[in-house]
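The values are calculated or read from the model by the stated rules, or taken from the named source; none is laboratory data. Everything numeric in this text was worked out from a predicted model, so none of it was measured. No Cβ is skipped: glycine too gets one built from the backbone with ideal geometry, and neighbour counts run over all protein chains shown. These accessible areas exclude ligands, DNA and RNA; they are computed on the full protein's heavy atoms, side chains included. Shrake-Rupley method; radii C 1.70, N 1.55, O 1.52, S 1.80 Å.
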There are 2 protein chains.
Amino acid sequence: MAQPTLDAFQVIGDPSRRKMLRLLSKDSLTINSLAENFDMSRPAVSKHIKILYTAGFISIQDIGRERYCTLKQDGFNELQEWISYFDKFWISKLKKLETLLNNKLSK
Amino acid sequence: MAQPTLDAFQVIGDPSRRKMLRLLSKDSLTINSLAENFDMSRPAVSKHIKILYTAGFISIQDIGRERYCTLKQDGFNELQEWISYFDKFWISKLKKLETLLNNKLSK
DNA sequence: AGTATATGTAACTTTTGGATTACGCAAATA
DNA sequence: TATTTGCGTAATCCAAAAGTTACATATACT
């Protein structure tokens, strides 16, 4: 499905993949047990998993013929940084507004 | 370009739109002044702006024939909540690991 | 050994998103 | 008033993503 590695933002752009991450936040799951939660075919799920794995959102542990998927923090880091940049933006904007107001009031 | 309203995650999935948000974090800009920063045609930029607007990432103020785009917090909220959910996940995971370790050591 | 299960991969189709060009319109300007 | 400027929209194209079916493989089970 995806040879050209998607960046973290594109990866979570897909609702199914976000749902998978949610499910995995409750429990480590095999590909099949994950697939039970979706309408799509098993290979489709398999491809999403590969994308999540490649982008560092999950790790995979092979146990016999099963593959257990577990959340991994790496993929989330880029997103956190991005969000935190704008967090800071809003905070400093509030501060500016605040000091502006204080100046007005003190005059 | 996009009748089916994209959700916040899909909106920031596009690198150009992320770049637009970055630019707007420095300054409010008109469509044209924004477009100068991109290789694509002006209408293409215009469509991205519409998407950002619809998803609540920016507000638009019409001044004469110009349209000033300004960052708006709404669109970011959904993303923050999503990220913070997983933040909590990692934190609690660390805690569990910690107590587990403490138990082992104290035995 | 033979069968069932868990999964990956390849080939292909469909859908959708992003980009372009061509055009229209309102506001500013000459 | 005629022209230029700043923008939106419609029609269309193209590429990429997501899905499906068919098949291959390794492990587990009987």
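B:G56 falls short on exactly one of the conditions (1) outside any helix (DSSP H, G or I); (2) within 12 Å of chain A (Cβ to nearest Cβ); (3) not hydroxyl-bearing (S, T, Y), and that condition is (2).
How about region B:81-92: which of its residues are open to solvent by less than 90 Å² (accessible area, probe 1.4 Å) and without any contact (Cβ under 8 Å) to a residue 60 or more places away in the chain? Once the filter is applied, which keeps residues that are open to solvent by less than 90 Å² (accessible area, probe 1.4 Å) and without any contact (Cβ under 8 Å) to a residue 60 or more places away in the chain, region B:81-92 yields B:I83, B:S84, B:Y85, B:F86, B:D87, B:F89, B:W90, B:S92. Would you be able to say whether some residue in region A:59-66 is polar (S, T, N, Q) and assigned to a helix (DSSP H, G or I)? Checked region A:59-66: no residue is polar (S, T, N, Q) and assigned to a helix (DSSP H, G or I). Every condition in (1) within 14 Å of DNA strand D (Cβ to nearest atom); (2) more than 12 Å from every other protein chain (Cβ to nearest Cβ) is met by B:L24 except one, and the failing one is (2).
Applying the criterion of being of a type in the set (K, R), modelled with pLDDT of 95 or more and away from DNA strand D (no atom under 16 Å from the Cβ) to the residues of region A:55-103, the residue that is nearest to the chain's Cα centre (by Cα) is A:K72.
Looking at region B:27-51, which of its residues are within 13 Å of DNA strand D (Cβ to nearest atom) and within 13 Å of chain A (Cβ to nearest Cβ)? Matches in region B:27-51: B:S28, B:I51. Within region A:32-85, the set of residues being among the β-branched types (V, I, T) and within 18 Å of A:I12 (Cα to Cα) comprises A:V45, A:I49, A:I51, A:T54, A:I58, A:T70, A:I83.
Condition check ((1) among the aliphatic types (A, V, I, L, M); (2) open to solvent by less than 40 Å² (accessible area, probe 1.4 Å); (3) farther than 28 Å from B:R22 by Cβ) across all residues:
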{"position": "A:L6", "(1), (2), (3)": "yes, no, no"}
{"position": "A:P15", "(1), (2), (3)": "no, no, no"}
{"position": "A:K19", "(1), (2), (3)": "no, no, yes"}
{"position": "A:E36", "(1), (2), (3)": "no, no, yes"}
{"position": "A:H48", "(1), (2), (3)": "no, yes, yes"}
{"position": "A:Y53", "(1), (2), (3)": "no, no, yes"}
{"position": "A:L79", "(1), (2), (3)": "yes, yes, no"}
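Of everything in region B:3-21 that is within 12 Å of DNA strand D (Cβ to nearest atom) and assigned to a helix (DSSP H, G or I), the residue that is nearest to the chain's Cα centre (by Cα) is B:F9. Among what's in region B:28-51 and is out of contact with any strand residue (DSSP E or B) (no Cβ under 7 Å at 6 or more places or on another chain) and within 22 Å of B:L79 (Cα to Cα), pick the residue that is farthest from DNA strand C (Cβ to nearest atom). Among residues in region B:28-51 that are out of contact with any strand residue (DSSP E or B) (no Cβ under 7 Å at 6 or more places or on another chain) and within 22 Å of B:L79 (Cα to Cα), the one farthest from DNA strand C (Cβ to nearest atom) is B:K50.
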